[in-house]
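A.B. asks: Right, I'll just put the structure down here and ask away after.
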Amino acid sequence: MNERQVTEFIESIHPLGIVPGLDSIRELCRRLGDPQEKLTFVHVGGTNGKGSVCSFIAGALTAGGYRVGRYISPTIFEYRERIQVNGKYISKAALGRIMEQVKNACDEMMAEGMISPTAFEVETAAAFLYFVEKKCDLVVLEVGMGGTLDATNIVENVAATVLVSVSRDHMKFLGNSLEEIAAQKAGIMKKGRPVVTIRQEECVVDVFARKARELGCTLTIAEKSEISHVKATLEKQRFDFGTYKKLEIGLAGQHQIENAILAVKTLEVLSENGYPVSEENLRKGIKNVCWPGRFTVIDKKPLFIVDGAHNEDAAKRLAESIEFYFTNKRIIYIMGVLKDKEYEKVIHLTCHLAEQIITVTTPNNERALPALDLAQAVMEVNPNVTAAASLEEAVEIARLLATKDDVIIAFGSLSFLGRLMNIVGFQPN
């Protein structure tokens, strides 16, 4: 399959949407030789921060000399970003060859009267095949949604389970309370395998601890109280954590320090379970992580920042970062959201901080909330709002409104940030 055929295949099954459950992915992987059984995983679930935590863990393991596969969802810049080994995207040729194998298995299933696997299930199976082909020592595997019924939960050979902070998201599938959502997230724990999480709402930690006891898992908690001596700029942050002095990361925001300490605790657990990483490589790995789209500066004069805040907890973190870094600065937003998210809560947590707000419709996404509808919702909190006809127009309006001392912040759904960064002219490292 060439690149166009891969795109057409994935687009043909996208209308299936989200179908929780493991029967389809199990059958698909069985027909492909169960590649997941030949791999060992660091399985990362939770709500906010999965991508950053995966980046820190994979960065340190790679610095330590391991061959590390990484599976990412969603992507920002291009489709191949979702399947990586040691930070390098799967090649177009390899993607086409592997997707052809997966499509053939899907065709066989449908010919026998089964429903087609979803796009996420197809991509997950393709990633497993590629990681086996590349002989990965470990795969840092990011859960798509939930945990118990997520397609990635077919894996059994888990070196460590990592659970980031849990908040209210995907409630149609996961439940309405934090306890219900946490129970779904905890479903990725495996019997007897170590679990690492971060100190958070006690009701969430209680759910994790109860599940860990049931399965005979050791539970390690990264304690935020052990963070001290924080020195933060938009370019880098330096901090102490427990016995570690002057750890450094290149990602902005207090929440990224919390993501980093969760990764550090995970790396300690991995070191105790057959995957040692020296302190030197741990430091090097987390310092060099670049994770665009997470409170990332993409231009200066005026300062232009993008952030993937799309739910209540992420919006709180964004508001905290704005108040920390930009006290007494004039703020202009570009905002785009999906209609199935709790965007009203995002609006109430963030929109009082902006002087001007420009809304956009997330392009090429049937779940996008129209810019005019978003503008009407924003108007209840901040009347200074304009609906733009396109991302290009939104960027143009924001730059016309901003002086060199102002700050433009684009946020909401990750699905439009990659294209917006291209419009601005930002190139990832």
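The values are calculated or read from the model by the stated rules, or taken from the named source; none is laboratory data. Being a predicted model, the structure only gives us computed values, none of them experimental. For neighbour counting, all protein chains shown are included, and Cβ atoms are generated from backbone atoms with ideal geometry for every residue, glycine included. Heavy atoms of the whole protein, side chains included, go into the accessibility calculation; ligands, DNA and RNA do not. Shrake-Rupley method; radii C 1.70, N 1.55, O 1.52, S 1.80 Å.
A.B. asks: Subtract the Cα-Cα distance of E226 and M110 from 0.36 nm times their separation in residues, and report this length gain in nm to one decimal. Could you put the intermediate results ahead of the total?
C.D. replies: Numbers: separation 116, 0.36 × 116 = 41.76 nm, distance 5.33 nm.
Here the segment from E226 to M110 would lengthen by 36.4 nm.
A.B. asks: Another question, then. Measure off 7 Å from each Cα along the Cα-to-Cβ vector at K92 and N422, then give the distance between these two points in nanometres to one decimal.
C.D. replies: With each label placed 7 Å out from Cα toward Cβ, I get 1.4 nm.
A.B. asks: Rounded to the nearest 5, what % of DSSP beta bridges with both residues in the chain are antiparallel?
C.D. replies: Counting DSSP beta bridges with both partners in the chain, the antiparallel share is about 30 percent.
A.B. asks: Taking R0 as 25 Å, what FRET efficiency do you get between E393 and E78 from their Cβ-Cβ distance, rounded to the nearest 0.05?
C.D. replies: Computed FRET efficiency for E393 and E78: 0.60.
A.B. asks: Here is a follow-up. Non-local amide H neighbours of V162 (under 5 Å, H modeled in plane, Pro and chain starts lacking H): which ones?
C.D. replies: H43, V44, G45, V196
A.B. asks: Among residues other than L270 whose Cβ falls under 13 Å from its Cβ, what is the net charge (Lys/Arg +1, Asp/Glu -1)?
C.D. replies: Summing Lys and Arg as +1 and Asp and Glu as -1 gives -1.
A.B. asks: Got a number for carbon plus sulfur as a percent of the chain's accessible area, 1.4 Å probe? Please list the in-between numbers first.
C.D. replies: Details: 8640 of 18020 Å².
Its accessible area is 48 percent carbon and sulfur atoms.
A.B. asks: If a paramagnetic tag sat 7 Å from the Cα of E279 along the Cα-Cβ line, which residues of region 246-264 would have the backbone N under 11 Å from that point?
C.D. replies: From region 246-264, the list is 246-247.
A.B. asks: On to the next question. Could you calculate the contour length gain from T218 to K301, that is, 0.36 nm times the residue separation minus the distance between their Cα atoms, to one decimal place in nm?
C.D. replies: Between T218 and K301, full extension yields 25.0 nm more.
A.B. asks: Continuing with the same structure: How much accessible area per residue does the chain have, in Å², with a 1.4 Å probe?
C.D. replies: Using a 1.4 Å probe on heavy atoms only, each residue of the chain averages 42 Å².
A.B. asks: Roughly speaking, what is the stretch gain from Y244 to E37, that is 0.36 nm per residue apart minus the C-alpha to C-alpha distance, in nm to one decimal?
C.D. replies: On the way: separation 207, 0.36 × 207 = 74.52 nm, distance 3.57 nm.
Gain in length upon complete extension: 70.9 nm.
A.B. asks: Tell me which residues come under 5 Å, amide H to amide H, from I334 once H is placed; ignore anything under 5 positions away on its chain.
C.D. replies: So I334 has HN proximity to I358, I409, A410, F411.
A.B. asks: At q = 0.07, 0.09, 0.13, 0.14 Å⁻¹, what base-10 log of I(q)/I(0) does the Debye formula yield for the chain when every alpha carbon is treated as an equal point scatterer in vacuo?
C.D. replies: Per q value, in the given order, log10 I(q)/I(0) is -0.33, -0.56, -1.20, -1.38.
A.B. asks: Roughly what % of DSSP beta bridges within region 182-325 run antiparallel, to the nearest 5?
C.D. replies: 75 percent
A.B. asks: Between V19 and C203, what is the FRET efficiency for a Förster distance of 22 Å, r being their Cβ-Cβ separation, to the nearest 0.05? Don't jump to the answer; show the numbers that get you there.
C.D. replies: Numbers: r = 29 Å, r/R0 = 1.31.
The pair V19/C203 has a calculated efficiency of 0.15.
A.B. asks: Here's a follow-up. With Kirkwood's inverse mean 1/r over C-alpha pairs for Rh, give me the Rg to Rh ratio of region 252-396, two decimals please.
C.D. replies: Taking Rh as the inverse mean 1/r over Cα pairs, Rg/Rh reads 1.07.
A.B. asks: Among bridges DSSP assigns within region 284-381, what percent are antiparallel (round to 5)?
C.D. replies: Rounded to the nearest five, the antiparallel share is 50 percent.
A.B. asks: Cross-link partners among lysines for K135, C-alpha distance below 21 Å, same-chain residues fewer than 8 apart left out?
C.D. replies: Result set, ordered by chain and number: K38, K88, K92.
A.B. asks: Hey, got the dipole for the chain? About the Cα centre, +1 on K and R Cβ, -1 on D and E Cβ, debye to the nearest 20? Spell out each step's value before the answer.
C.D. replies: Numbers: 50 positive and 55 negative charges, 257 e Å.
Here the chain has a charge dipole of around 1240 debye.
A.B. asks: What are the ³J(HN,Hα) couplings of region 359-365, residue after residue, when phi is run through the Karplus curve with 6.51, -1.76, 1.60 and θ = phi - 60°? Round to Hz, x for glycine and proline.
C.D. replies: Calculated HN-Hα couplings, in order: 9, 9, 8, 4, x, 6, 9 Hz.
A.B. asks: Using helices alone, I'd like the mean residue ellipticity at 222 nm for the chain: each DSSP H run of four-plus residues gives -39500 (n - 2.57), total over residue count, nearest 500.
C.D. replies: Numbers: 15 runs with 173 residues, N = 429.
Computed mean residue ellipticity for the chain: -12500 deg cm²/dmol.
A.B. asks: Another question, then. Towards the positive end of the charge dipole of the chain, with charges on Cβ (+1 Lys, Arg; -1 Asp, Glu), say which of G285, S225, T386 has the farthest Cα.
C.D. replies: Positive-most Cα among the choices belongs to G285.
A.B. asks: List the DSSP H helices in the chain whose Cα atoms stretch 18 Å or more along the helix axis and whose mean Kyte-Doolittle hydropathy is at least -0.5.
C.D. replies: 50-63, 92-111, 119-133, 202-215, 254-272
A.B. asks: Using the 2.2 N^0.38 Å rule of thumb for compact globular proteins, work out how region 40-172 stacks up: its C-alpha Rg over that value, please.
C.D. replies: In units of the 2.2 N^0.38 Å rule of thumb, it is 1.06.
A.B. asks: Take R30 and T7, extend 7 Å from each Cα along the Cα→Cβ direction, and tell me the distance between the two endpoints in nm.
C.D. replies: Reported label-point gap for R30 and T7 is 3.5 nm.
A.B. asks: Separate question: Please list, in order along region 153-166, the HN-Hα scalar couplings obtained from phi with the Karplus expression 6.51 cos²θ - 1.76 cosθ + 1.60 (θ = phi - 60°), rounded to whole Hz, x for Gly and Pro.
C.D. replies: 6, 6, 6, 10, 7, 10, 6, 7, 9, 10, 10, 7, 5, 10
A.B. asks: Same structure again: Hey, which of these cross-link pairs are over 22 Å Cα-Cα: K50/K246; K287/K329; K231/K341; K300/K329; K211/K287; K224/K246?
C.D. replies: On the way: K50/K246 24 Å; K287/K329 28 Å; K231/K341 34 Å; K300/K329 14 Å; K211/K287 33 Å; K224/K246 16 Å.
Among K50/K246; K287/K329; K231/K341; K300/K329; K211/K287; K224/K246, the Cα-Cα distance tops 22 Å for K50/K246; K287/K329; K231/K341; K211/K287.
A.B. asks: Moving on. Looking only at trypsin sites (Lys or Arg not before Pro) in DSSP loops with at most 10 other Cβ atoms within 10 Å, what is the longest site-free stretch of the chain? Before the final figure, lay out each step's value.
C.D. replies: Values: sites that count: K191, K300, K404.
Result, exposed sites excluded: 1-190.
A.B. asks: Place +1 on the Cβ of every Lys and Arg and -1 on the Cβ of every Asp and Glu in region 95-137, take the dipole about the Cα centre, and give the residue among A126, A105, C136 whose Cα lies farthest towards its positive end.
C.D. replies: C136
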